[in-house]
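Asks: Would you mind keeping the following structure in view while I ask a few things?
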Amino acid sequence: MQWCVRFKQSDGSPFSNWEEKKLGEVFGFKNGINADKSKYGRGKKFINVLDIINDAPIYHDSIIGSVEITEQEFENNDVKYGDILFQRSSEIREEAGQSNVYLDRNKKATFGGFVIRGRPKISFNPVYFHNLLKTEAVRKEITNRSGGSTRFNVGQDSLSEVPIVFCRSIEEQGKIANFLTAIDQKIEAISHYIDCNEQFKKGLLQKMFV
């Protein structure tokens, strides 16, 4: 895999070469909890598939679902800053194993049985890894390992075998993460500008063609 765009250190020198590992060397994986249906709708914030497929990173207050569990269950199945959440199954192969990152530093959450939690074994910038896992090369490695006929599934074992190429320098990871975040912010601002103008146009049309 060739990487054409590289950042440099503050003194202008290049960062160290990128390295290849398997996801199982970077994350420890765990499946989520399955509670009785009467327990949902109250209690601890509960990450499910809808939170994962949302484009925005996950924060405690943005989680819609909740579940009533014991404190011990919560401690055994907690989600904290930097954890990566993977979608276990989908009717479409290309959507199996989609991921999102939890970026709330202040509050923990829990996660459901259709989700796999990846907890970092090494130090890294979570925004950097969030974007890395969405690249075409990594997504292809994940979906190629999904199995099933009517639904396509990925498990802890298959995720553990996915190869990734990444930079080990936290400084370079930060530069890449900040660069991509700035682009996302520009896209969001432009989208908001377009939405406002579309609403403005609709208002004009209603007044002009009554």
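Asks: What does the charge add up to near I142, with Lys and Arg as +1, Asp and Glu as -1, over the other residues with Cβ less than 13 Å from its Cβ?
Replies: +1
Asks: Still on this structure, I have one more. Only four residue types carry charge here, +1 at the Cβ of Lys and Arg and -1 at the Cβ of Asp and Glu. Report the dipole size of the chain about the Cα centre in Debye, rounded to the nearest 20.
Replies: My answer is approximately 220 debye.
Asks: Something else about it: With mean projected area of the Cα convex hull in nm² in mind, check (i) 15.8; (ii) 17.0; (iii) 12.7 and report the label derived from this structure.
Replies: Computed from these coordinates, mean projected area of the Cα convex hull in nm² corresponds to label (ii).
Asks: At a 10 Å Cβ-Cβ cut-off, how would you order H192, H130, H60, fewest neighbours first?
Replies: H192, H60, H130
Asks: Then there's this: Amide H of N77: which non-local residues (sequence gap of 5 or more, or other chain) have their own amide H closer than 5 Å, using H built in the peptide plane?
Replies: For N77, no residues qualify.
Asks: With θ set to phi - 60°, apply the Karplus curve 6.51 cos²θ - 1.76 cosθ + 1.60 along region 175-184 and write out the HN-Hα couplings as whole Hz, x wherever there is a Gly or Pro.
Replies: The phi angles translate into 4, 5, 4, 5, 5, 5, 5, 4, 5, 4 Hz.
Asks: For F27, which sequence-distant residues (separation of 5 or more, or a different chain) have an amide H within less than 5 Å of its own amide H, given hydrogens modelled in the peptide plane?
Replies: For F27, whose amide H was placed from the backbone, the distant partners under 5 Å are K121.
Asks: Could you check which residue among K134, K39, K175 shows the biggest mean-square fluctuation in a GNM of the chain with a 10 Å Cα cutoff?
Replies: Per the Cα network of the chain with a 10 Å cutoff, K39 tops the list.
Asks: For region 169-210, max minus min Cα coordinate along each principal axis, in Å, sorted largest first?
Replies: Answer, in whole Å and largest first: 62, 6, 6 Å.
Asks: Let me ask you something else. Quick one: Karplus J couplings for region 154-160, per residue in order, coefficients 6.51, -1.76, 1.60, θ = phi - 60°, nearest Hz, x for Gly and Pro?
Replies: Coupling constants for region 154-160: 10, x, 4, 5, 5, 5, 4 Hz.
Asks: Something else: Got a sec to turn the phi values of region 100-109 into Karplus ³J(HN,Hα) couplings, 6.51 cos²θ - 1.76 cosθ + 1.60 with θ = phi - 60°, whole Hz, x for Gly and Pro?
Replies: 8, 10, 9, 10, 7, 7, 9, 10, 9, 9
Asks: Filter the chymotrypsin sites (Phe, Trp or Tyr not before Pro) in region 180-210 to those in DSSP coil with at most 16 other Cβ atoms within 10 Å of their Cβ, and list the result.
Replies: Those that pass, being in a loop and sparsely packed, are F209.
Asks: Find me the longest stretch of the chain that has none of the exposed GluC sites (Glu not before Pro), where exposed means in a DSSP loop (not H, G, I, E or B) with at most 16 other Cβ atoms within 10 Å.
Replies: Result, exposed sites excluded: 92-160.
Asks: Pairs K108/K140; K37/K107; K21/K134; K186/K207; K39/K121; K107/K140: which exceed 27 Å Cα-Cα?
Replies: Listed pairs above 27 Å: K108/K140; K186/K207; K39/K121; K107/K140.
Asks: Build a GNM of the chain with springs between Cα atoms under 10 Å: which of K44, K80, K186 gets the top mean-square fluctuation?
Replies: Among K44, K80, K186, the largest GNM mean-square fluctuation belongs to K186.
Asks: Same structure, new question: With unit charges on the beta carbon (Lys/Arg positive, Asp/Glu negative), name the residue among I53, N76, I142 whose Cα is farthest towards the positive pole of the charge dipole of region 19-168.
Replies: It is N76.
Asks: If the elastic network links every pair of Cα atoms under 10 Å, which of P126, P14, P57 fluctuates the most in the Gaussian network model of the chain?
Replies: P14
Asks: Quick one: check the C-alpha center-to-center distance for region 21-77 versus region 83-154, whole angstrom.
Replies: 12 Å
Asks: Report the local net charge at A96: Lys and Arg +1, Asp and Glu -1, summed over other residues whose C-beta lies under 13 Å from its C-beta.
Replies: Overall, the nearby charge balance is +2.
No lab work stands behind these numbers, since they all come straight from the coordinates. Just so we're clear, the structure is a prediction, and the values are computed from it rather than from any experiment. Glycine gets a Cβ as well: all are built from the backbone with ideal geometry, and neighbour counts include every protein chain shown.
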